[in-house]
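In what follows, a structure is listed as structure tokens, so that the remarks can point back to it.
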Amino acid sequence: IPRIAAASHADAYFALGFVHAQDRLFQMELMRRTGQGRLAEVIGRPGLGTDRFMRTLGLYRLAEDAVAALDPGAREAVERYAAGVNAFLSDGGPLPPEFQMLMIDPEPWRPADSLVWQKLMGLQLSGNWGEELLRAQLNARLGPDRAMRLFPDASRIGPATVAVNERLARELSRLVWAAAPPTLASNIWAIAPTRTATRGAILANDPHLNFSAPNLWYLAVLSYPGVTLTGATVPGVPFHLLGHNGKLAWGFTTTHGDTQDLFVEAPAGDGQYITPDGPRAFETRAETINVRFGEPETLTVRATRHGPVISDLLEPAERASAGGPDAIIALSATLFAPDDKSSSGIYRMARAETVAAFMAAAEDFHAPQQNVMAADTEGSIGYLAAGRMPMRAAGCDGQAPADGASGACDWRGWVPFAELPRRIDPADGVLINANNRIVGPDYPHLIAADWPEGYRAQRIADTIADRAGVTLAETARLQHDSVSLMARDLTPLMLGLLAPVADQDRDLAMRLAAWDGSAVRDRIEPLLFTLWLEKLKAAVLADDLGEVFAEFRGERPALIRAILTTDTAWCDDVRTTAPESCADQANLAWREALAWLRANRGDDPAGWRWGEVHIARFAHPIFPMIPGLRELGSFAIATDGDNFTVNRGSPSASSSAAPFRHRHGAGYRAVYDLADLNRSQFSLAGGQSGHPLSPNVEDLLVDWRDGNYLRIAPQAPRDARALVLEPGG
């Protein structure tokens, strides 16, 4: 863990660039090439899909524009960071083995290479357009009213949508999930000094993303006169994204705000489309994608007043068969706004010394919308839903593609910063967010029409309750809590529908009846319940949804509860003549779950333990594709948790190549002690190094899994190795 001590702001960021490149250069190279749309130059045709996607969205162009808009301090940080990376490229020694195997040399680092990361994360952390494509498919197959019943907790605002061909929506959805799958989750909570044993505030944060090797996060201390920053950085980016500065600690979760809308445009011929003011010409540009071992490809990118035309990502033949050659769907996103100052906002937020100053700095954080939380050494705690939120016309809810020609659902500007949801120093002394609903029915603006289930937030709240004297150790244990309130909620309901089971299975049903919902790796119940729920969801919905069912991802517990209690018509299988009840389907799903377990895990239930299949695998991006090197740079470990536990353990489906693999969770955890920030605790999934043969690739993995944390003192230990960077002559 580097502790950078520099004589100036410029030198500090030069050193951070050098150190990032020293440990994670290939990760940085893949990040910028992804944002640039230049993967095919390295890996050939397999990279074309992502390249077309990124070039169509124009993320790197936006990053280049954002460099010029940086505040002076942030701009110097970005420029000196790039100089540090380039110093390593010139003087730092041999390149990582991935460059040698791919036979490529890294180009000099540019400031825009750093800023494109914010655009890439903006895509991952705002996945509403994928939900709109899903709803478009459901509307086409079931009709809007019946489709709406699949979202029992969603607000119903109005039918201001336009019909979209089901196959077109499905093909576009496939492209979205292949190029930029959304990963929207995290936990954060703050406890005021009146409620803690330390008599200072406590802030806990663990962001959830898809797992990879190396981990996204990189721990570092950066110090220059007047400023010391400690916490999580991202290689390629010169800012502390999460951490503390000696006076204030801060963190993020995803808001799940609806900051994207799809618009169906009407063609007007001659390279034009219809607007409320008459025909308008498409904005067009040509993009050349170089392809390794192949011919370059020229891509014509179109954009309307709403944004890039994403339907052009489909081949002409695909468009013709799916929605007609004139199908035009454009994407609006706050991420595309030309005056995005988020990088400057992040830079300023990390230097705020009070919660009030932090909230003021967050006004420049524009995209993607995030829940930000902070606590200071003066005892204040605060929460803000930071980021631009579009203001929509009445009747427009952003739940499905809207008509672009009429302008009826065009954005009317941004929700004023002063009106964004926030809370500072609440009377009960606790702030919690785990991606749950953040506003009530009286809030005057639309943040989102649909929200994730609140099980994780409820578990955090129940554990803290009205207690005083909360300790750092208790807070850390809560980050590793693996009790699934979702399982506690649905298990009795499902068991109540189960007929008497065969003798050899009676013990399994009794185990579930006595289970407390603990999704820990040495238990059978988490696997049995998860598989039963998956089979039940298919039993009640696959017949109605047909091909769309594969797009209807996730457990959907609110829907399953509604189907089993109030909306039971879904339980009848439309493919049969005899009517089926929910009890019929629950028993069918039970039998199918046990059959799967015996076929895939053997007859002995001892092999059905959650940890036998719930494996967190951190895969290297290149080596698994090379025979003989598949395991190089990758690592794995059995873990606890499910998709609804505080210790997030989102599993894959039984039909995947790695059934129930732990694919998504907390790659970084921190517990900040505002009474003495040097006592703050950190945990990282894997290790600091990205070099596949380094001892620091996965040396923190077991501690991360088992709930052991490390402290980062501002000064390096006496036996630490020193790297001295001196000004060149």
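Numbers for the structure displayed
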item: Members of the stretch 222-241 found to be in a strand (DSSP E or B) and in contact with a Leu (Cβ under 7 Å, 6 or more places away or on another chain), listed by number; result: 222, 229, 231, 232, 233, 240
item: Residues of the stretch 686-709 satisfying the condition of being among the hydrophobic types (A, V, I, L, M, F, W, C) and open to solvent by 40 Å² or more (accessible area, probe 1.4 Å); result: 693, 702
item: Long-range neighbours under 7 Å by Cβ, at least six apart or interchain, first residue under 13 Å from residue 1 (Cβ atoms) within the stretch 204-229, second of a type in the set (Lys, Arg); result: 218/24; 221/3
item: Residue that is nearest to residue 171 (Cα to Cα), among those in the stretch 307-318 that are open to solvent by 20 Å² or more (accessible area, probe 1.4 Å) and touching a residue at least 60 places away in the same chain (Cβ under 8 Å); result: 318
item: Condition check for residue 682: at pLDDT 95 or above and either polar (S, T, N, Q) or in a loop (DSSP other than H, G, I, E, B) (or both); result: no
item: Members of the stretch 618-635 found to be in contact with a Phe, Trp or Tyr (Cβ under 9 Å, 6 or more places away or on another chain) and either open to solvent by 70 Å² or more (accessible area, probe 1.4 Å) or closer than 18 Å to residue 669 by Cα (or both), listed by number; result: 618, 630, 631
item: Meets criteria (under 30 Å from residue 243 (Cβ atoms) and either part of a loop (DSSP other than H, G, I, E, B) or open to solvent by 10 Å² or more (accessible area, probe 1.4 Å) (or both)) for residue 646; result: yes
item: Which numbered condition residue 51 fails, given (1) closer than 19 Å to residue 239 by Cα; (2) open to solvent by less than 40 Å² (accessible area, probe 1.4 Å); result: (1)
item: Any hit, the stretch 649-671, residues being in contact with a helix residue (DSSP H, G or I) (Cβ under 7 Å, 6 or more places away or on another chain), part of a loop (DSSP other than H, G, I, E, B), within 30 Å of residue 601 (Cα to Cα) and among the polar types (S, T, N, Q); result: yes
item: Residue check, residue 164 part of a helix (DSSP H, G or I), touching a residue at least 40 places away in the same chain (Cβ under 8 Å) and buried (at least 19 other Cβ atoms within 10 Å of the Cβ); result: no
item: Subset of the stretch 453-465 (residues that are in contact (Cβ under 8 Å) with a residue 12 or more places away in the chain, open to solvent by 40 Å² or more (accessible area, probe 1.4 Å) and in a loop (DSSP other than H, G, I, E, B)); result: 453
item: Single match in 73, 84, 93 (criterion: part of a helix (DSSP H, G or I) and closer than 15 Å to residue 24 by Cβ); result: 84
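Quick grid of which residues meet (1) more than 30 Å from residue 416 (Cα to Cα); (2) assigned to a strand (DSSP E or B); (3) touching a residue at least 40 places away in the same chain (Cβ under 8 Å); (4) of a type in the set (S, T, N, Q):
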site: 258; (1), (2), (3), (4): no, no, yes, no
site: 285; (1), (2), (3), (4): yes, yes, no, no
site: 332; (1), (2), (3), (4): no, yes, yes, yes
site: 346; (1), (2), (3), (4): no, no, yes, no
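For every residue, the table says whether it meets (1) of a type outside the set (Lys, Arg); (2) at positive phi; (3) touching a Phe, Trp or Tyr at 6+ places or on another chain (Cβ under 6 Å); (4) crowded, with 20+ Cβ neighbours inside 10 Å.
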residue	(1), (2), (3), (4)
364	yes, no, no, yes
376	yes, no, no, yes
390	yes, no, yes, yes
397	yes, no, no, yes
406	yes, no, no, no
417	yes, no, no, no
436	yes, no, no, no
439	yes, no, no, no
445	yes, no, no, no
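Conditions (1) β-branched (Val, Ile, Thr); (2) open to solvent by 50 Å² or more (accessible area, probe 1.4 Å), marked per residue:
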{"residue": "552", "(1), (2)": "no, no"}
{"residue": "558", "(1), (2)": "no, no"}
{"residue": "561", "(1), (2)": "no, yes"}
{"residue": "565", "(1), (2)": "yes, yes"}
{"residue": "568", "(1), (2)": "yes, yes"}
{"residue": "571", "(1), (2)": "no, no"}
{"residue": "576", "(1), (2)": "yes, yes"}
{"residue": "584", "(1), (2)": "no, yes"}
{"residue": "590", "(1), (2)": "no, no"}
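The values are calculated or read from the model by the stated rules, or taken from the named source; none is laboratory data. Here the structure is a predicted model, which is why all the values come from computation and not from measurement. All Cβ positions, even for glycine, are placed from backbone atoms using ideal geometry, and neighbour counts span all protein chains on display. Side chains included, ligands, DNA and RNA excluded: accessible areas come from the protein's heavy atoms. Shrake-Rupley method; radii C 1.70, N 1.55, O 1.52, S 1.80 Å.
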